[in-house]
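Have a look at the structure below before the remarks.
The values are calculated or read from the model by the stated rules, or taken from the named source; none is laboratory data. Please read all numbers here as calculations on a predicted model, not as lab measurements. Here the Cβ positions follow ideal geometry from the backbone for every residue, glycine too, while neighbour counts run over all protein chains shown. These accessible areas exclude ligands, DNA and RNA; they are computed on the full protein's heavy atoms, side chains included. Shrake-Rupley method; radii C 1.70, N 1.55, O 1.52, S 1.80 Å.
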Amino acid sequence: MKKYIFLLFTILIFFNIQAQEIKTMTYFQNDTIKLDLDLYLPQKKTNEKIPLIIFAFGGGFSGGDRTQEKDFGMFMAKNGYAVASISYSLYMKGKDFGCKGTLTEKIKAIQIGVSDMWQATSFLIENANKYNLDASKIFISGISAGAEIGFHASFWDYKLMNLYKNNLPENFKYTGFIGGSGAIQDINLITKEKAMPMLLSHGNNDDTVPYAAGSHRSCPTNASGWLILFGSYAVYNQMNDLHKDVELITFCGGGHEFSGYLFHDGKQYVLDFVNDVLSGKKFESHLIVPSKKKVVNSGKYLFCE
């Protein structure tokens, strides 16, 4: 009986994997680096172009792997969407990305990762017909450092900040952003003209990436690696001020451990968000999730009391 159950379980896993196509390809290469991506495609063929979600993993620009969120790629592909999970340059590997690091090095790490993201986007647009992708419906997403890549790829000046060949279409804009515990260097980069629909999640006690406005890794102002960032709650308020579509999930009392929520337990929120954006639905919401942990400094956020 146990052998039968094990065999059935193995068959179900195999069937689930085969329900989607996974293609690995190199999207960027030069004399020093070779970067690949995994493209998850729906198994069911259709004449309609497939919307795409580009995903960047977390790991402080020093670790992590594009295969970490394979379940997310398979889930979205099963529901009719393509996902491209990219590798990017881990510039901070062996370096200090914390308070004792160097500010210019931290910014450079983000800029290199963003430039890699732009190259991946260009590659996928150039090959859109080959894989039946809809180049006009490209979402960008990420966890932690990957979400920081997503924020800056969306709002930085492309021609000014791109380190490689400028090959994105003129006036290109992502369709929407999905970020887990991410942040942006300058909240004023999010303007009415550049804003796009967003789905964000964050713990309000995150001491790695600030939930609102604060220093990265909670560094003191005299630290060599002091970097001010604007996290999900600051972005949510900015989007509300601009009257743009945004959803925020706040984990009261939660820290950086919730950075991957949207791509793990919260995958259905991502699917609903993408469906809503593509259907033209207007929305604004703030889902507050109570925590079993003691909420520190709840006075800053009355909704967490």
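Listed here are the residues, each with its yes/no results for (1) assigned to a loop (DSSP other than H, G, I, E, B); (2) of a type in the set (A, V, I, L, M, F, W, C); (3) closer than 27 Å to residue 108 by Cα; (4) at pLDDT 95 or above.
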{"position": "199", "(1), (2), (3), (4)": "no, yes, yes, yes"}
{"position": "220", "(1), (2), (3), (4)": "yes, no, yes, yes"}
{"position": "224", "(1), (2), (3), (4)": "yes, no, yes, yes"}
{"position": "229", "(1), (2), (3), (4)": "no, yes, yes, yes"}
{"position": "249", "(1), (2), (3), (4)": "no, yes, no, yes"}
{"position": "272", "(1), (2), (3), (4)": "no, no, no, yes"}
{"position": "286", "(1), (2), (3), (4)": "no, no, no, yes"}
{"position": "291", "(1), (2), (3), (4)": "yes, no, no, no"}
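Which residue pairs have Cβ atoms under 8 Å apart, sit 6 or more places apart or on different chains, and have a first residue in the stretch 160-175 that is under 27 Å from residue 277 (Cβ atoms) and in a loop (DSSP other than H, G, I, E, B) and a second that is open to solvent by 40 Å² or more (accessible area, probe 1.4 Å) and of a type in the set (Asp, Glu)?
These pairs meet every condition: 167/126.
I'm trying to understand the selection: among the residues of the stretch 40-58, which are part of a loop (DSSP other than H, G, I, E, B), out of contact with any Asp or Glu (no Cβ under 8 Å at 6 or more places or on another chain) and either open to solvent by less than 70 Å² (accessible area, probe 1.4 Å) or at pLDDT 95 or above (or both)?
Within the stretch 40-58, 46, 58 qualify.
Of all residues being in a loop (DSSP other than H, G, I, E, B) and open to solvent by 50 Å² or more (accessible area, probe 1.4 Å) in the stretch 293-305, which is modelled with the highest pLDDT? Just the residue, please.
Pass one, the stretch 293-305, residues in a loop (DSSP other than H, G, I, E, B): 293-297, 301, 305.
Restricting the remaining residues to those that are open to solvent by 50 Å² or more (accessible area, probe 1.4 Å) gives 293-294, 296-297, 305.
Numbers: 293: 64, 294: 61, 296: 56, 297: 54, 305: 78.
In this case the residue turns out to be 305.
Identify all residues within the stretch 85-114 that are over 15 Å from residue 143 (Cβ atoms) and within 15 Å of the chain's Cα centre (by Cα); write none if there are none.
To start, the set of residues in the stretch 85-114 that are over 15 Å from residue 143 (Cβ atoms) comprises 89, 91-109, 111-112, 114.
Within the stretch 85-114, just 114 meets the criteria.
Counting only residues that are open to solvent by less than 10 Å² (accessible area, probe 1.4 Å) and aliphatic (A, V, I, L, M), which one in the stretch 231-268 is nearest to residue 184 (Cα to Cα)?
235
Looking only at the stretch 188-205, count how many residues are surrounded by 23 or more Cβ atoms within 10 Å (Cβ to Cβ) and of a type in the set (Ser, Thr, Tyr).
1
Which residue is most open to solvent (accessible area, probe 1.4 Å), if the candidates are limited to the stretch 176-187 and must be closer than 23 Å to residue 204 by Cβ and not in a loop (DSSP other than H, G, I, E, B)?
As a first pass, look at the stretch 176-187 and keep what is closer than 23 Å to residue 204 by Cβ: 177-187.
Now narrow it down to the ones that are not in a loop (DSSP other than H, G, I, E, B): 177-180, 183-184, 187.
On the way: 177: 0, 178: 0, 179: 1, 180: 0, 183: 0, 184: 0, 187: 23 Å².
Per the stated criteria, the residue is 187.
Taking the criterion of being open to solvent by 20 Å² or more (accessible area, probe 1.4 Å), without any contact (Cβ under 8 Å) to a residue 40 or more places away in the chain and in contact with a strand residue (DSSP E or B) (Cβ under 7 Å, 6 or more places away or on another chain), would at least one residue in the stretch 91-103 satisfy it?
Within the stretch 91-103, the subset open to solvent by 20 Å² or more (accessible area, probe 1.4 Å) is 91, 93-96, 99-100, 102-103.
From what is left, the residues that are without any contact (Cβ under 8 Å) to a residue 40 or more places away in the chain are 91, 93-95.
Still in the running and in contact with a strand residue (DSSP E or B) (Cβ under 7 Å, 6 or more places away or on another chain): none.
The answer is no, given that none of the residues of the stretch 91-103 is open to solvent by 20 Å² or more (accessible area, probe 1.4 Å), without any contact (Cβ under 8 Å) to a residue 40 or more places away in the chain and in contact with a strand residue (DSSP E or B) (Cβ under 7 Å, 6 or more places away or on another chain).
Name the residue, out of 113, 98, 142, that is in contact with a Gly (Cβ under 7 Å, 6 or more places away or on another chain) and not in a loop (DSSP other than H, G, I, E, B).
Numbers: 113 fails: in contact with a Gly (Cβ under 7 Å, 6 or more places away or on another chain); 98 fails: not in a loop (DSSP other than H, G, I, E, B).
After applying the criteria, what remains is 142.
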